[in-house]
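Please read the structure below before turning to the comments.
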Amino acid sequence: MSLCNRLLLLTSLLFAVLSITACKQITPPSTQTVPAHPAPYKVYQGSGDIGQETGGRVCLIYGNAEHCWNAGDGFSDVKAKQIKLPTGRRLILVTALSMGGSDGTLDLALLDEQNHQPVNLLPKAEISSSNDGQWDSWQIADLSPMPIIVTSDPVWGDDETRADAHQYRIKAYTINAKNSEYIQRFEYESSNKYPGDKDVLALEKPTILARLKGAAGN
């Protein structure tokens with residue numbers, strides 16, 4: 001083999017090695033999500049007794065230590081529901097009841113585990129507990145990577161009684177990608193009236209989804 005041919009072969013081999021190295025360097029990192037291993041949690045009930053109001057709480061347990069989120073004085077009957085995301089991440093949807101005479105308020109919180117602390121992602125979200133208020137969480141990947149929280153609360157018209165059908169005030173909350181906190185996307189009153197035994201959120205779901213799609217497009 002002539003010297004020129006040898007030089008050409010070495011040049012080709014060197015170019016091939018450099019090309020392979022460059023490809024390795026620009027290969028994007030793996031996007032595989034490592035499943036989360038959330039800490040166990042425990043619910044403690046509060047008391048709504050007059051003069052002895054204490055708030056219920058939800059606590060993350062790390063060995064002998066507990067890190068808690070408190071619902072606030074007077075909020076008792078705390079309930080927690082775990083929501084698992086496709087990534088393996090876990091959120092805790094909490095409801096806490098505060099009674100005032102024959103009426104009451106149900107507060108909602110959506111807890112995320114951040115640096116071993118339960119952090120509420122929801123802004124002030126509440127519904128009437130004794131007047132057919134409803135809430136739900138939907139996971140719809142096309143609209144939000146995080147659960148969509150929806151609530152409905154009856155709007156009593158003139159001369160309407162508890163047995164009558166009512167319009168409902170509908171609210172929807174979704175994650176704000178800019179700061180990873182939830183915001184209220186919209187609020188509206190239903191065109192139709194519903195009796196208290198109806199699943200208002202299910203009946204209003206087409207309207208809610210249409211409004212969410214419109215909000216996402218803005």
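The values are calculated or read from the model by the stated rules, or taken from the named source; none is laboratory data. Here the structure is a predicted model, which means the values were calculated and not measured. Neighbour counts run over all protein chains shown; Cβ positions are idealised from the backbone, glycine included.
Scan the stretch 59-71 and tell me whether some residue there is modelled with pLDDT of 90 or more, among the hydroxyl-bearing types (Ser, Thr, Tyr), out of contact with any strand residue (DSSP E or B) (no Cβ under 6 Å at 6 or more places or on another chain) and part of a strand (DSSP E or B).
Checking the stretch 59-71: at least one residue is modelled with pLDDT of 90 or more, among the hydroxyl-bearing types (Ser, Thr, Tyr), out of contact with any strand residue (DSSP E or B) (no Cβ under 6 Å at 6 or more places or on another chain) and part of a strand (DSSP E or B).
Can you find even one residue in the stretch 118-126 that is under 20 Å from the mean Cα position of the chain (by Cα), part of a strand (DSSP E or B), at pLDDT 90 or above and among the aliphatic types (A, V, I, L, M)? If you could, list the steps in order and put the result at the bottom.
If we filter the stretch 118-126 for residues that are under 20 Å from the mean Cα position of the chain (by Cα), which is where we start, we get 118-126.
Now narrow it down to the ones that are part of a strand (DSSP E or B): 118-120, 125-126.
Applying the additional criterion that residues be at pLDDT 90 or above yields 118-120.
Next, only the ones that are among the aliphatic types (A, V, I, L, M) stay: 119.
Scanning the stretch 118-126, I find at least one residue that is under 20 Å from the mean Cα position of the chain (by Cα), part of a strand (DSSP E or B), at pLDDT 90 or above and among the aliphatic types (A, V, I, L, M), so the answer is yes.
Does at least one position in the stretch 157-173 carry a residue that is assigned to a strand (DSSP E or B) and closer than 24 Å to Tyr41 by Cβ?
Yes: one or more hits.
Just to be sure I understand the filter: pairs with C-beta atoms under 7 Å, separated by 6 or more residues or on different chains, first member in the stretch 187-207 and in contact (Cβ under 8 Å) with a residue 24 or more places away in the chain and closer than 14 Å to Ala172 by Cβ, second member in a loop (DSSP other than H, G, I, E, B) and not aliphatic (A, V, I, L, M). Which pairs pass?
Glu204/Ser190
Among (1) within 20 Å of Asp153 (Cβ to Cβ); (2) at pLDDT 85 or above; (3) of a type outside the set (Lys, Arg); (4) not in a loop (DSSP other than H, G, I, E, B), which single condition is Gly104 missing?
Among (1) within 20 Å of Asp153 (Cβ to Cβ); (2) at pLDDT 85 or above; (3) of a type outside the set (Lys, Arg); (4) not in a loop (DSSP other than H, G, I, E, B), the lone unmet condition for Gly104 is (2).
Please give the number of the condition Tyr41 fails out of (1) touching a strand residue (DSSP E or B) at 6+ places or on another chain (Cβ under 7 Å); (2) under 20 Å from Glu126 (Cβ atoms).
The failed condition is (2).
Criterion first (crowded, with 19+ Cβ neighbours inside 10 Å and either in a loop (DSSP other than H, G, I, E, B) or not assigned by TED's automatic domain parsing to the domain that holds Leu209 (or both)) does Val78 satisfy it?
Taking the combined requirement at face value, the residue satisfies it.
Residues Asn176, Asn131, Asn115: which one is farther than 30 Å from Arg90 by Cβ and either in contact with a strand residue (DSSP E or B) (Cβ under 9 Å, 6 or more places away or on another chain) or at pLDDT below 90 (or both)?
Asn131
Test Ser98 against the stated conditions and say whether it is assigned by TED's automatic domain parsing to the domain that holds Gly46, of a type in the set (Gly, Ala, Ser) and part of a strand (DSSP E or B).
yes
Whether any residue in the stretch 104-116 is loosely packed, with under 13 Cβ neighbours inside 10 Å, touching a Phe, Trp or Tyr at 6+ places or on another chain (Cβ under 8 Å) and closer than 17 Å to Lys42 by Cβ is what I want to check.
The answer is yes; a qualifying residue exists.
Which of the following residues is of a type outside the set (Phe, Trp, Tyr) and either touching a residue at least 60 places away in the same chain (Cβ under 8 Å) or under 30 Å from Ile61 (Cα atoms) (or both): Ile170, Ile140?
Every option except Ile140 fails the conditions.
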